[in-house]
1. Condition test on residue B:195, is it within 14 Å of chain A (Cβ to nearest Cβ), in a strand (DSSP E or B) and crowded, with 20+ Cβ neighbours inside 10 Å?
2. When both residues are 6+ apart or on different chains and their Cβ atoms are under 9 Å apart, which pairs have a first residue that lies in region B:316-339 and is at positive phi, and a second that is surrounded by 21 or more Cβ atoms within 10 Å (Cβ to Cβ) and part of a strand (DSSP E or B)?
3. Residues in region B:75-87 that are part of a strand (DSSP E or B) and without any contact (Cβ under 8 Å) to a residue 60 or more places away in the chain: how many?
4. Among the residues of region A:56-66, write down those that are crowded, with 16+ Cβ neighbours inside 10 Å and more than 8 Å from chain B (Cβ to nearest Cβ).
5. For region B:211-305, list the helices (runs of 4 or more DSSP H) that sit wholly inside it and hold at least 1 residues that are over 22 Å from the mean Cα position of the chain (by Cα) and at pLDDT below 90; which are they?
6. Before we move on, is residue B:374 buried (at least 23 other Cβ atoms within 10 Å of the Cβ) and either within 14 Å of chain A (Cβ to nearest Cβ) or out of contact with any helix residue (DSSP H, G or I) (no Cβ under 9 Å at 6 or more places or on another chain) (or both)?
7. Could you tell me whether region A:46-55 includes any residue that is away from every other protein chain (no Cβ under 11 Å), at pLDDT 95 or above and either within 20 Å of residue A:85 (Cβ to Cβ) or not in a helix (DSSP H, G or I) (or both)?
8. Could you go through region A:22-40 and let me know if any residue there is in contact (Cβ under 8 Å) with a residue 60 or more places away in the chain, closer than 17 Å to residue B:358 by Cα and more than 8 Å from chain B (Cβ to nearest Cβ).
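The values are calculated or read from the model by the stated rules, or taken from the named source; none is laboratory data. The model shown is predicted, which means the values in this text are computed figures rather than measured ones. Neighbour counts run over all protein chains shown; Cβ positions are idealised from the backbone, glycine included.
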């Protein structure tokens, strides 16, 4: 039996969990650049309508007491945010005209 | 008709007496000017290297690479709670004292003492040399003569500054002046959730300062970040700042804001509505309990108010947002056509997932904008270097660009004059 990554209440998002429950911005940004627009559109379409429910669910628990599957759900919301610019603005994974420019997030808050 | 009143002289540029003629950017492409800046600017001005929250405990330290001064420093919290800075160099054979794996990469941590990797000389947190390996074999060596070399270090409003001059010409407080020091009434200490971004940018450090000290470019360069309805309205309106201020080498631009939650749906991005956050920060601002007037913030009394961007000479920006968060920029010169850019976002720590997601959307949005700006600069740098054009017009909303380049030239000229007198 496969182990699930997300709380059972969000089993509908499980197909995206293995790819997009990523702990750091660096991983999420790399996943964005490595993804097709169709892949990101699927994540976006699945998570956007569920985001309010996910935040309401997570808000019942203090941020530093979230269990592993709850943290995964939070990370999935971060990935939703990460793909939002390609979907809503750019029509491509990269920032237009950004060429070789990079901006690394060296320190980020948890969880 | 201007939306905001201009000073009696008719323009901000004339109000600050900066001249209205086209500008030359030789100061951003010349190797000679860059070499002068090392001495005239970066070894004379107070430089911000971090905040006190980065040193939470006795023995907490971080290193800072200062390529422009060809040196590295270590900043440490002593047993007495004092923050001190030292050149990051062992007194024995000159090895870099504190580093991990890669000597040129910055590091941080907590320690009881510093131990050189080369011959294990040890230094206390106050810089005193406490141990010399095989001391008896040295010749007339007194450890008291071999402490770490101190760097002038002072703290204002939790911001740690250093000064690389042998004797600073001004105290930190005098250097910052009243416009900046008034901001100490802002509750910086409450905003400790930190995102720290870094990039190497292939442009002169001053050109990136320029990009963030005028908002004339904002409706154009960043048009696609917003829904078309918003972008076309913004471009049509153009940009006008309600207030600019100048105090010595430092400057300030203030902007009016919007309340995105009051806008029509087609004026905001869907993810911004879902996360209640975006470029201007979280829509639900945390309580901060301070009076902007006491802190010299929002000088035009805008409601809604957008942001105040304080440009601290030479390379440090504190940008305070109306939605009760702030960010800082640092621009560390490496070469005439290269600098290290650092952007740090500070929020009141999130208490729950909803607040944390709102911070995440503000941070991601910041990066999308930053990447566009950074690449535009490389495009500017390479063409300036062609020297095909040497005179460039600046409009009144670019007044701070004019001011900063004047300050840079003034500091270099003043330094050259002093050198001539001494020679």
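1. Values: within 14 Å of chain A (Cβ to nearest Cβ): yes; in a strand (DSSP E or B): yes; crowded, with 20+ Cβ neighbours inside 10 Å: yes.
Against the criterion (within 14 Å of chain A (Cβ to nearest Cβ), in a strand (DSSP E or B) and crowded, with 20+ Cβ neighbours inside 10 Å), residue B:195 qualifies.
2. B:324/B:347
3. Going residue by residue through region B:75-87, those that are part of a strand (DSSP E or B) are B:75-77, B:83-87.
Cutting the leftovers down to without any contact (Cβ under 8 Å) to a residue 60 or more places away in the chain gives us B:76-77.
Total meeting the criteria: 2.
4. A:57
5. Because the criterion is at least 1 residues that are over 22 Å from the mean Cα position of the chain (by Cα) and at pLDDT below 90, the helices (runs of 4 or more DSSP H) in region B:211-305 that meet it are B:218-221, B:228-237.
6. Values: buried (at least 23 other Cβ atoms within 10 Å of the Cβ): yes; either within 14 Å of chain A (Cβ to nearest Cβ) or out of contact with any helix residue (DSSP H, G or I) (no Cβ under 9 Å at 6 or more places or on another chain) (or both): yes.
Taking the combined requirement at face value, the residue satisfies it.
7. yes
8. yes
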